[in-house]
Amino acid sequence: MPELRALLAPYLKENPLPDGEAFFSVGLAGLEALAAHRGQGLKGAMLECLDQGLWPERFRANRGELDAGDQARLLNSSAAVMGCGGLGGLTCLLLARLGVGDLLLVDGDNFEESNLNRQMLATPETLGRPKAQVAAEAAARLNPACQAKARVEWIGPDNLPEMVTGRQVVVDCLDNLTARYQLEDACRAAGAPLVHGALAGMEGMVMVIRPGDPGLRDLHGPTPPPKSHGAEVLLGTPTPTPAAVASLEVSEAMKLLLGRPGLKPGQLLHLDLGAPALEILTLG
Amino acid sequence: MPLLVKLSTSLRKQVTGYDPHAGLELEFAPGESAEGLIRRLGLDPERIKIIMVNGRSAAPEQELADGDRVGLFPPVGGG
């Protein structure tokens, strides 16, 4: 610790706390100097600092809700985001900002003009580009300590097992129930916890599905309803709703990664931005 | 006490005059099932995937009780 403190002395910032105590944070220049000195990556430097209670400046505002051990745990965590559109685009950005260290970002689609109303990564510049690729670039740009890998593929029973196996959390940001059922099956088989989120109009639903928990079949029946029956066909996916649902998904994913209690098995979080209302419903 | 029915998403457009803030109060009909209520509202039971009675999922054949709060949801899969 004295060696680390001496090394980082020019970079340390003292942050007073209301009780008169203080904690120290270190900015990117200090982390880069430490990484170069140790011959390791930025993530390693962040972990070494957190281990000594020194907060990387970029995560300083997470402190309080998170402790240094929590932040280190997130840096050492892996997540997969299935779908990088309305829900998935913001989910990727939030997970990168949160500090999840290893992200797999999956989508077979390219951005198109009609995505601009709600998909955070759709901009005039990214139209026509693969969503997963744009998401990986954005995550790495936001947080260079985050290892973000893109898979520009449509998911199915053949490629899903390999994508979800070993992931500490999988976030369902897909746009149709057939693919969502396939994802749930693959996650159950791989033992990976799944955070489901879906929306139509001003309403959204979020559920945490651990292997063995009630899931989409308890919600929508044994076979996935066809896409044409989804309420979103009639009501669309207007601007505010995907952002709100993605934020709820990321907070449940964060709690799963940190081992904190969140939505319980069979609980369905129903968000109605129109009323507005937020309620927890119970399956079974 | 009447039944309080809350409709979700696209179902709100299928019942004339539905108020999403207040929900819909309907007279309790002894012996009526959740599916019976759905038909009374003029909705297609095939298109309703989730039935919640007092916050808990219920089968279409579940008999309703006086004062029940019933939530009806179509499939929601958008992202």
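Just so you know, all these numbers are worked out from the coordinates, no wet-lab data involved. These numbers come from a predicted model, not from an experiment. So basically every Cβ, Gly included, is an ideal-geometry build from the backbone, and we count neighbours across all protein chains shown.
Neighbouring Cβ atoms from other chains, within 10 Å of the Cβ of residues in B:65-77, number 6 on average.
Taking every C-alpha pair closer than 8 Å and separated by at least 6 residues, the mean separation divided by the residue count of segment A:37-114 gives a relative contact order of 27 percent. Residues within the reach of a label modelled at A:LEU116 (point 7 angstrom out along Cα to beta-carbon, backbone nitrogen below 15 Å), restricted to segment A:81-102: there are none. Mean sequence separation of contacting Cα pairs (under 8 Å, at least six apart), scaled by the length of chain B, corresponds to a relative contact order of 41 percent. Fewest-first ordering of A:HIS196, A:HIS37 by other beta carbons within 10 Å of each residue's beta carbon gives A:HIS37, A:HIS196. In this calculation the C-beta distance from A:ALA22 to B:LYS13 is compared with R0 = 56 Å, giving a FRET efficiency of 0.45. The amide H of B:ILE50, built 1.01 Å from its N in the peptide plane, has B:PHE73 as neighbours under 5 Å, considering only residues 5 or more places off or on other chains. Using just its DSSP H runs of length 4 or more, each adding -39500 (n - 2.57), chain A gives a mean residue ellipticity at 222 nm of -11000 deg cm²/dmol after division by all residues. Geometric descriptor of chain B, per residue, is 94 Å³ (volume of the convex hull of the Cα atoms). Calculated mean residue ellipticity at 222 nm for chain B: -2000 deg cm²/dmol, from DSSP H runs with n ≥ 4 weighted as -39500 (n - 2.57), summed, divided by the residue count and rounded to 500. Stretching the chain fully between A:ARG97 and A:LEU278 yields a gain of 62.6 nm (0.36 nm per residue, less the alpha carbon separation).
Does segment A:77-282 classify as rounded, prolate or oblate by the C-alpha gyration tensor (a ≥ b ≥ c root eigenvalues; a/c under 1.5 gives rounded; else a/b over b/c gives prolate, otherwise oblate)? Rounded is the answer for segment A:77-282, as its axis ratio a/c remains below 1.5.
Out of all Cα-Cα pairs in segment A:120-214, roughly what percent, to the nearest whole number, are more than 15 Å apart? It works out to 67 percent of all Cα pairs.
Modelled this way, with points 7 Å down the Cα-to-C-beta line, the labels at B:ARG39 and B:GLU27 are 1.9 nm from one another. Annotation: the residues A:ASP213, A:ASP158, A:ASP109, sorted from fewest to most other C-beta atoms within 10 Å of their own C-beta, follow the order A:ASP158, A:ASP109, A:ASP213. Between the listed residues A:LEU121, A:GLY204, A:THR178, the Cα displaced farthest toward the positive end of the dipole of segment A:116-272, a dipole computed from Cβ unit charges relative to the Cα centre, is found at A:LEU121.
As a calculated quantity, the FRET efficiency between A:LEU127 and A:ASP158 at R0 = 35 Å, using C-beta atoms, amounts to about 0.75.
Segment A:96-136 and segment A:239-254 have their alpha-carbon centroids 16 Å apart. Taking 18 Å as the cut-off, the amide N atoms of segment A:149-178 that come nearer than this to a point 7 Å along the Cα-to-beta-carbon line of A:LYS227 belong to A:152-158, A:172-178. Counting only alpha carbon atoms, the long axis of helix A:131-142 and the longest principal axis of chain A meet at about 20°. Relative contact order (percent) for chain A, with alpha-carbon contacts under 8 angstrom and 6 or more residues of separation? With pairs under 8 Å counted, the relative contact order is 14 percent. Histogrammed with a bin width of 20 Å, the alpha carbon distances of the protein assembly as shown distribute as 28, 49, 20, 3 percent, first bin at zero. Excluding same-chain neighbours fewer than eight residues apart, the lysines reachable from A:LYS149 by a Cα-Cα span under 23 Å are A:LYS43, A:LYS131, A:LYS255.
Looking only at A:PHE59, A:PHE23, A:PHE111, which one moves most when chain A is put into a Gaussian network model with springs between Cα atoms under 10 Å? Sorting by GNM fluctuation, first place goes to A:PHE23. So what's the angle, to the nearest 10 degrees on a 0 to 90 scale, between helix A:86-98 and the longest Cα principal axis of chain A? Here the helix axis deviates by roughly 20 degrees. Note on segment A:46-99: Cα Rg divided by 2.2 N^0.38 Å, N the number of residues, gives 1.25. Take each residue of peptide A:198-207, count the partner chain Cβ atoms within 10 Å of its Cβ, and average: the result is 5. Near B:SER33, within a Cβ-to-Cβ distance under 12 Å, what is the net charge of the other residues, with Lys and Arg +1 and Asp and Glu -1? Taking every other residue near B:SER33 into account, the sum is -3. Summary of the geometry: segment A:264-284 and segment A:29-86, compared by the centres of their Cα atoms, lie 33 Å apart. From least to most packed, judged by other beta carbons within 10 angstrom and beginning with the fewest, A:LYS131, A:LYS264, B:LYS49 follow the order A:LYS264, B:LYS49, A:LYS131. Quote the FRET efficiency, to the nearest 0.05, computed for B:LEU4 versus A:LYS264 with a Förster distance R0 of 30 Å and r equal to the Cβ-Cβ distance. Result of the calculation: an efficiency of 0.75.
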